[in-house]
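Accompanying notes for the structure given below.
Values in this text are rule-based calculations from the coordinates and carry no lab data. Computed from a prediction, not measured in an experiment: that's the story for all the values here. Note: ideal-geometry Cβ built from the backbone for every residue, glycine included; neighbour counts use all protein chains shown.
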Amino acid sequence: MYGALSFKYNFFMDLSSQQPSTQFLTLDESAKVDAALLSSSEKFLTRLTISSLKLLKHIAQDYNIAIEDLTAQQVIAWFEKDSKIRREQGVEASYLKW
């Protein structure tokens, strides 16, 4: 289990080297999570939640709606659109850089 958590932790940490618009967890936020009195799995979930919040804010902004008005279908459609851009135009053209 910790091997998977380590991989996921490193994945999110690698995002810090990307452009600010695609950075999902800043080094400061990561340091604050590290300092929290949480288990490794709780820290991972905290990082994932912070990253998800930022991504949901971006998706809502793309749709020009409030984040609380986003639907599951809109999130799925957004991922499909970003995935298509990545396949057709390359990873640098997509929002998500993995």
Residue count, segment 75-96 (criterion: surrounded by 15 or more Cβ atoms within 10 Å (Cβ to Cβ) and of a type outside the set (A, V, I, L, M, F, W, C)): 4
Odd one out for LEU37 among (1) in contact with a helix residue (DSSP H, G or I) (Cβ under 8 Å, 6 or more places away or on another chain); (2) aliphatic (A, V, I, L, M); (3) not in a helix (DSSP H, G or I): (1)
Subset of segment 55-98 [β-branched (Val, Ile, Thr) and closer than 19 Å to PHE24 by Cα]: ILE59, ILE67, VAL75, ILE76, VAL91
Segment 64-73: number of residues that are crowded, with 16+ Cβ neighbours inside 10 Å and either aromatic (Phe, Trp, Tyr) or in a helix (DSSP H, G or I) (or both): 0
Long-range neighbours under 9 Å by Cβ, at least six apart or interchain, first residue without any contact (Cβ under 8 Å) to a residue 60 or more places away in the chain within segment 63-91, second β-branched (Val, Ile, Thr): ILE67/ILE59; LEU70/ILE59; GLN74/ILE59; GLN74/ILE65; VAL75/ILE59; TRP78/ILE59; PHE79/ILE59
Which listed residue, of LYS97, LYS84, LYS32, is among the basic types (Lys, Arg) and touching a helix residue (DSSP H, G or I) at 6+ places or on another chain (Cβ under 8 Å): LYS97
